[in-house]
Amino acid sequence: MVDLHAHLPQLPNAGLGAGLDLLTWLDRYIFPLERRFDDAEDAARLAPAAFRTFAAAGTTTILAYGAVYKASTDGAFRAAEAHGIRAILGKVMMDRVTYDETIEPSTILERSLRESEELIATWHGADAGRLGYAVTPRFAISCSADMLRESAALAARTGAWWQTHVSEDPGEIAEVARLFPDARDYVDVYDRAGGLGSRTILAHAIHLSDRELARLVETDTRVAHCPSSNLFLASGIMPLARYREAGLGVGLGSDVAGGPDPSIFSVMQVGAYAQAALRTVGGDGRSVLAPLDWLRLGTYDGARALGLEDRIGSIEVGKEADLIAVDPRLTAARRDLPYDAGAIEAADVMSRLIFRAHPDMVRGAWVRGRRLEGPASS
Ligand code: GUN
Ligand code: ZN
């Protein structure tokens, strides 16, 4: 399973702040928390437990944000190296609205670029490509045009990924329009910075215009769909069928702690309910996805969004044996009922894994055939 979007230092706040709008939630619950994830000791305490948590939920590949600090990001990489999970991580870059007033504003752009470059030199491609680096400007509100442009150039020069947030919340979108009056729309802010392309993962992308959607497809930019976060923060519902019809590359993200649960199975469940709501009351008559479509979104499509589909994302000869073992018996209504419909088809099994996901159903997780700590073993 591939989680295309999560925030490592936010895990302690999972489940807090439901119903707040994005910008209020960031100020109240997230920035003070990320401020604490500032040195190697914090990373040594939090990151190993975080990776065990993701593995226990069935995630074998994670694309995640750290905080603005190099030391804790470096520590998170060390923890991923030891744990065995496949991880692409990045130090958050913010030079406009930030949560650490002690960082001298006149040096923040240069320092953030230099520290990101140092982390790329150490970690991008480490352990034969199990670990990777994503240059991580937080979003257009907290980054100057210079920061966006320079960070995109750094990613292009080094072959690292580039990740940020786009078009998540109406208040955020209005603020971006105010800060970047010359841009045509939110996507155009990143386009002008040179940030679009096949190594770019944009989280959320809920409220795209037809022009923005077409531009993402044209540039082969990839999107992390995070439905549980989008409903937790009442940001909106992605018109997923419209995006897929347009040919957009989409995978799934937990967006912990915007999403309250690190499990991609739970993300599929909320996503499926959200799409059903869009069809029944949202006026979008396109067909909803079936359980095996959700499985593909959370596995192969996520791998493809990262350009890693030749190594992971499906069980095929020559791939690297990133696997999970799941006990579907835990998803039955009750084990002692005299009979049920006989859920023997793969689609039926998957339907229950999504809609009756059980916290203990993942019994094992392996990356490159090496067992990960986290899942309760049977
Ligand atoms: N936009 C900018 N930062 C964040 C974040 O930490 N979480 C979410 N959900 N959206 C963001
Ligand atoms: Zn996020």
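The numbered conditions (1) in a helix (DSSP H, G or I); (2) small (Gly, Ala, Ser); (3) more than 25 Å from residue 141 (Cβ to Cβ); (4) touching a strand residue (DSSP E or B) at 6+ places or on another chain (Cβ under 6 Å) are all true for residue 87 except (1). The condition of being touching a residue at least 24 places away in the same chain (Cβ under 8 Å) and closer than 28 Å to residue 295 by Cα holds for only one of 53, 73, that being 53.
Among residues that are within 16 Å of ligand 2 (Cβ to nearest atom) and under 25 Å from residue 62 (Cβ atoms), residue 222 is included.
Scanning the stretch 145-188 for residues that are over 19 Å from the mean Cα position of the chain (by Cα) and surrounded by fewer than 24 Cβ atoms within 10 Å (Cβ to Cβ) yields a total of 27. Regarding the stretch 138-157, can at least one residue be identified that is hydroxyl-bearing (Ser, Thr, Tyr), in contact with a strand residue (DSSP E or B) (Cβ under 7 Å, 6 or more places away or on another chain) and either more than 16 Å from ligand 1 (Cβ to nearest atom) or farther than 24 Å from residue 231 by Cα (or both)? Yes - at least one qualifying residue is present in the stretch 138-157.
Residue-wise test of (1) more than 16 Å from ligand 2 (Cβ to nearest atom); (2) farther than 18 Å from residue 195 by Cα.
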| residue | (1), (2) |
| --- | --- |
| 122 | yes, yes |
| 140 | no, no |
| 144 | yes, no |
| 155 | yes, no |
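Selection within the stretch 232-251: residues that are surrounded by fewer than 20 Cβ atoms within 10 Å (Cβ to Cβ) and under 25 Å from residue 28 (Cα atoms). The member of this set that is farthest from ligand 1 (Cβ to nearest atom) is 237.
I'd like to check something: does the stretch 165-180 contain any residue that is more than 16 Å from ligand 1 (Cβ to nearest atom) and in contact with a helix residue (DSSP H, G or I) (Cβ under 9 Å, 6 or more places away or on another chain)? No; the residues of the stretch 165-180 include none that is more than 16 Å from ligand 1 (Cβ to nearest atom) and in contact with a helix residue (DSSP H, G or I) (Cβ under 9 Å, 6 or more places away or on another chain).
Every test in (1) more than 16 Å from ligand 1 (Cβ to nearest atom); (2) more than 29 Å from residue 308 (Cα to Cα); (3) at pLDDT 95 or above is passed by residue 43 save one, and that test is (2).
When 267, 256 are checked against the criterion of being in a loop (DSSP other than H, G, I, E, B), out of contact with any Phe, Trp or Tyr (no Cβ under 6 Å at 6 or more places or on another chain) and under 22 Å from residue 356 (Cβ atoms), a single residue qualifies: 256. Scanning the stretch 4-19 for residues that are within 11 Å of ligand 1 (Cβ to nearest atom) and part of a loop (DSSP other than H, G, I, E, B) turns up just one, 17.
Can residue 228 be described as within 13 Å of ligand 2 (Cβ to nearest atom), touching a helix residue (DSSP H, G or I) at 6+ places or on another chain (Cβ under 7 Å) and part of a helix (DSSP H, G or I)? Step through it out loud before you land on a result.
Numbers: within 13 Å of ligand 2 (Cβ to nearest atom): yes; touching a helix residue (DSSP H, G or I) at 6+ places or on another chain (Cβ under 7 Å): yes; part of a helix (DSSP H, G or I): yes.
Spelling it out, residue 228 is indeed within 13 Å of ligand 2 (Cβ to nearest atom), touching a helix residue (DSSP H, G or I) at 6+ places or on another chain (Cβ under 7 Å) and part of a helix (DSSP H, G or I).
So, of the residues in the stretch 180-225 that are assigned to a helix (DSSP H, G or I) and in contact (Cβ under 8 Å) with a residue 40 or more places away in the chain, which turns out to be nearest to residue 133 (Cα to Cα)? Steps first, please.
Taking the stretch 180-225 and keeping what is assigned to a helix (DSSP H, G or I), we get 186-192, 210-218.
Keeping just the survivors that are in contact (Cβ under 8 Å) with a residue 40 or more places away in the chain gives 186, 189-190, 192, 212.
Numbers: 186: 24, 189: 23, 190: 19, 192: 23, 212: 26 Å.
Among residues in the stretch 180-225 that are assigned to a helix (DSSP H, G or I) and in contact (Cβ under 8 Å) with a residue 40 or more places away in the chain, the one nearest to residue 133 (Cα to Cα) is 190.
The residues of the stretch 252-278 that are buried (at least 23 other Cβ atoms within 10 Å of the Cβ), of a type outside the set (A, V, I, L, M, F, W, C) and within 16 Å of ligand 1 (Cβ to nearest atom), listed by number, are 253, 254, 255, 258, 259, 262, 271. Cβ separations smaller than 8 Å between residues 6+ apart or across chains give the following pairs from the stretch 130-152 residues that are farther than 23 Å from residue 307 by Cα to residues that are buried (at least 21 other Cβ atoms within 10 Å of the Cβ) and among the acidic types (Asp, Glu): 141/172; 142/95; 143/95; 144/95; 146/95; 147/95.
The values are calculated or read from the model by the stated rules, or taken from the named source; none is laboratory data. Just so it is clear, the model here is predicted, and its values are computed rather than measured. Neighbour counts run over all protein chains shown; Cβ positions are idealised from the backbone, glycine included.
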